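I have placed the structure first, in the form of structure tokens, so that the comments after it can refer back to it.
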Amino acid sequence: MKKILALTFAFAALLILVGCESSTTPDQPTVTYTVIDDGGGLTLTWSADANADGFIIYHDDVAVDTVVGTTYTDTVPCMVIGVTAYAGDLESAADEIDCTPIETAALVVYGNTDPDTTHPSGFGFNAGGAAVAYSLSNTANHPLLDYYINSVASPAEFTSPSDHLPTPYNDEVNATKNSGSTNYTDETIADAPGGYSTQTDITANAVYHFWIDPDNDGWGSSNDYFGKIQVTGVNGLANTLKIAYQGIAGLRWCVTP
């Protein structure tokens with residue numbers, strides 16, 4: 001009888017221990033990241049949690065992978081990466097990295113031969129990543145330019161402000177590249193450096209990748225930015241642009257809804 005009681009108590013104690021373990025929800029991870037592969041991906045890192053069995057990686061709220069370590073290399077573009085910790089059936093809240101580009105739905109920019117000099121013929125990105133159109137006739141706007149539309153050329157071109165003659169608008173060396181597509185949504189990642197030009201012909205409906213490289217030092221600078229532009233309309237010298245700007249420096253992802 002004593003032996004049976006001892007076994008009963010031992011089994012009960014084991015159940016209590018198992019119950020305690022499964023009732024402890026792991027802490028939410030704190031995720032940091034490094035941009036890698038010329039902007040093609042992110043290496044994620046977080047701290048270990050003694051209560052966690054592992055970690056779940058999410059893309060746009062869909063679980064895509066499970067790992068037991070505290071680092072993960074992600075090269076599949078998405079809008080939001082989430083990382084949770086789990087123990088058994090319990091799961092922490094997610095720490096998220098927002099990779100959603102900042103979109104400007106319809107920006108009208110005129111070729112620089114437009115007779116109305118108050119019309120904006122250049123554009124740049126503000127601190128929040130929104131595209132803003134600027135008149136070239138106001139010299140106070142020149143430091144703000146990332147691109148202008150050169151309609152002296154035929155066809156008109158997206159042009160880097162550093163290429164303006166005889167005097168550059170500013171010294172930024174920014175480039176664009178025709179993606180070869182007219183499907184804005186399908187362009188989920190801008191091309192890696194290579195094949196970009198500071199002067200690119202504009203074609204109606206085409207989707208372009210852009211690379212802002214103000215120091216002209218190749219990829220890797222903390223102030224390099226990428227994104228995509230679609231020319232959704234051309235009416236004479238007026239060009240309507242739909243633009244997505246990736247706010248994470250160096251990252252080329254441009255997934256949009």
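Remarks
- Restricting attention to region 134-160, the residues being over 10 Å from Phe123 (Cα atoms) and free of Cβ contacts under 8 Å to residues at least 40 places away in the same chain number 7.
- Inside region 202-247, residues that are closer than 16 Å to Thr182 by Cα and surrounded by 15 or more Cβ atoms within 10 Å (Cβ to Cβ) make up a count of 19.
- Test: residue in region 113-120 that is under 21 Å from the mean Cα position of the chain (by Cα) and of a type in the set (Ser, Thr, Tyr): no
- Gly250 in a loop (DSSP other than H, G, I, E, B), on the phi > 0 side of the Ramachandran plot and buried (at least 18 other Cβ atoms within 10 Å of the Cβ): yes
- From the options Ala105, Ala52, residue that is more than 30 Å from Asn150 (Cβ to Cβ), modelled with pLDDT of 95 or more and among the small types (Gly, Ala, Ser): Ala52
- Test for Asp49: is it outside the structural domain of Glu187 (by TED's automatic domain parsing), within 21 Å of Thr188 (Cα to Cα) and not aliphatic (A, V, I, L, M): no
- Test: residue in region 199-214 that is under 20 Å from the mean Cα position of the chain (by Cα), modelled with pLDDT under 95 and assigned to a loop (DSSP other than H, G, I, E, B): yes
- Residue list for region 41-84, restricted to those being aromatic (Phe, Trp, Tyr), farther than 20 Å from Gly250 by Cα and part of a strand (DSSP E or B): Phe55, Tyr58
- Residue check for Ala94: in contact with a helix residue (DSSP H, G or I) (Cβ under 8 Å, 6 or more places away or on another chain), small (Gly, Ala, Ser) and surrounded by 17 or more Cβ atoms within 10 Å (Cβ to Cβ): no
- Members of region 215-247 found to be modelled with pLDDT of 95 or more, among the polar types (S, T, N, Q) and in a loop (DSSP other than H, G, I, E, B), listed by number: Gln246
- The sole residue among Asp224, Asp213, Asp217, Asp191 that is free of Cβ contacts under 8 Å to residues at least 12 places away in the same chain and within 22 Å of Thr34 (Cα to Cα) is Asp217.
- Qualifying residue in region 9-19 (condition: at pLDDT below 95, exposed (fewer than 15 other Cβ atoms within 10 Å of the Cβ) and either in contact with a Ser or Thr (Cβ under 6 Å, 6 or more places away or on another chain) or in a loop (DSSP other than H, G, I, E, B) (or both)): no
- Positions within region 52-74 being among the aliphatic types (A, V, I, L, M) and farther than 30 Å from Asp191 by Cβ, in sequence order: Ala52, Ile56, Val68
The values are calculated or read from the model by the stated rules, or taken from the named source; none is laboratory data. None of the values given here were measured: they were computed from a predicted structure. Counting neighbours? That spans all protein chains shown, and the Cβs are built from the backbone with ideal geometry, glycine included.
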